[in-house]
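Trainee: If you scroll down you'll find the structure; I have some questions about it.
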């Protein structure tokens, strides 16, 4: 009797498993046929053509035009944007020729609307721009020609190197030293290091 009960129970379980499998197969077939119906266009319906949107490149450069307020020989402000002149390095205000460089830039910008074509932000997060006067003159080029700024090849690719007057790097020795990374020669840091080494 117990053996017959176990056999009967196993038969019932087998039938339940077979029925469930068939139902699952039928359900899968009906889902597939529904998908085919959905995907198949009707004879009266025109096929829908999906076009990819046209992506225009984002314009990264922008222009700022206005009166320039001179901060030093290679930095100006136009409409609240602090701008580092592209490709050059001018003496700091407290360095030799620093004041002269600043006032030469003031004279160039005086009464003019300066157009700044913003190129990038430098590693100090300053806005770098090529700045032009209404007559097309490049402020960077003008300062280099006057011997009051140096071409900074690292950033300009040598764009203004040919405009440098003879011996200008000797004249603007601190600016030239900064470009080579030797500024600590004139700072207190160098004096301290030298004094420490001698003691």
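Trainee: Filtering the stretch 87-121 down to residues that are in contact with a helix residue (DSSP H, G or I) (Cβ under 6 Å, 6 or more places away or on another chain) and outside any helix (DSSP H, G or I), which residue is farthest from residue 156 (Cα to Cα)?
Mentor: Initial filter on the stretch 87-121 (in contact with a helix residue (DSSP H, G or I) (Cβ under 6 Å, 6 or more places away or on another chain)): 87-92, 95, 108.
Still in the running and outside any helix (DSSP H, G or I): 87-92, 95.
Values: 87: 4, 88: 7, 89: 10, 90: 14, 91: 17, 92: 19, 95: 23 Å.
Residue satisfying both the conditions and the ranking: 95.
Trainee: What do you reckon, is residue 174 outside any loop (DSSP other than H, G, I, E, B) and more than 25 Å from residue 69 (Cβ to Cβ)? First the steps, then the outcome.
Mentor: Working: outside any loop (DSSP other than H, G, I, E, B): yes; more than 25 Å from residue 69 (Cβ to Cβ): no.
In short, no.
Trainee: Here is a follow-up. Going by the conditions given, is residue 134 touching a helix residue (DSSP H, G or I) at 6+ places or on another chain (Cβ under 7 Å) and either surrounded by 15 or more Cβ atoms within 10 Å (Cβ to Cβ) or in a loop (DSSP other than H, G, I, E, B) (or both)? Lay out the reasoning, then the answer.
Mentor: Working: touching a helix residue (DSSP H, G or I) at 6+ places or on another chain (Cβ under 7 Å): no; either surrounded by 15 or more Cβ atoms within 10 Å (Cβ to Cβ) or in a loop (DSSP other than H, G, I, E, B) (or both): yes.
The answer is no for residue 134.
One line per residue, one yes/no per condition, for (1) within 24 Å of residue 177 (Cβ to Cβ); (2) at pLDDT below 95:
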{"site": "94", "(1), (2)": "yes, yes"}
{"site": "98", "(1), (2)": "yes, yes"}
{"site": "103", "(1), (2)": "yes, no"}
{"site": "119", "(1), (2)": "no, yes"}
{"site": "122", "(1), (2)": "yes, yes"}
{"site": "129", "(1), (2)": "no, yes"}
{"site": "139", "(1), (2)": "yes, no"}
{"site": "153", "(1), (2)": "yes, yes"}
{"site": "156", "(1), (2)": "yes, yes"}
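Trainee: Step by step: first the residues of the stretch 177-194, then only those that are assigned to a loop (DSSP other than H, G, I, E, B) and modelled with pLDDT under 80, then the one that is surrounded by the fewest Cβ atoms within 10 Å (Cβ to Cβ). Which residue is that? Lay out the reasoning, then the answer.
Mentor: As a first pass, look at the stretch 177-194 and keep what is assigned to a loop (DSSP other than H, G, I, E, B): 180-182, 187.
Filter again for modelled with pLDDT under 80, leaving 181-182, 187.
Numbers: 181: 7, 182: 13, 187: 10.
Across the stretch 177-194, the extreme among qualifying residues is 181.
Trainee: Across the stretch 137-154, what is the number of residues that are within 11 Å of residue 164 (Cβ to Cβ), in a loop (DSSP other than H, G, I, E, B) and without any contact (Cβ under 8 Å) to a residue 60 or more places away in the chain?
Mentor: 2
Trainee: Is there a residue being outside any strand (DSSP E or B), modelled with pLDDT of 70 or more and out of contact with any strand residue (DSSP E or B) (no Cβ under 7 Å at 6 or more places or on another chain) anywhere in the stretch 41-61? Give the derivation first.
Mentor: Start the filter on the stretch 41-61 by keeping residues that are outside any strand (DSSP E or B), which leaves 41-61.
Within this subset, residues satisfying the condition of being modelled with pLDDT of 70 or more are none.
No, because not a single residue in the stretch 41-61 is outside any strand (DSSP E or B), modelled with pLDDT of 70 or more and out of contact with any strand residue (DSSP E or B) (no Cβ under 7 Å at 6 or more places or on another chain).
The values are calculated or read from the model by the stated rules, or taken from the named source; none is laboratory data. Treat the numbers as computed from the prediction; the structure is a model and nothing was measured. Quick reminder, even Gly has a Cβ in these numbers, built from the backbone with ideal geometry, and neighbours come from all protein chains shown.
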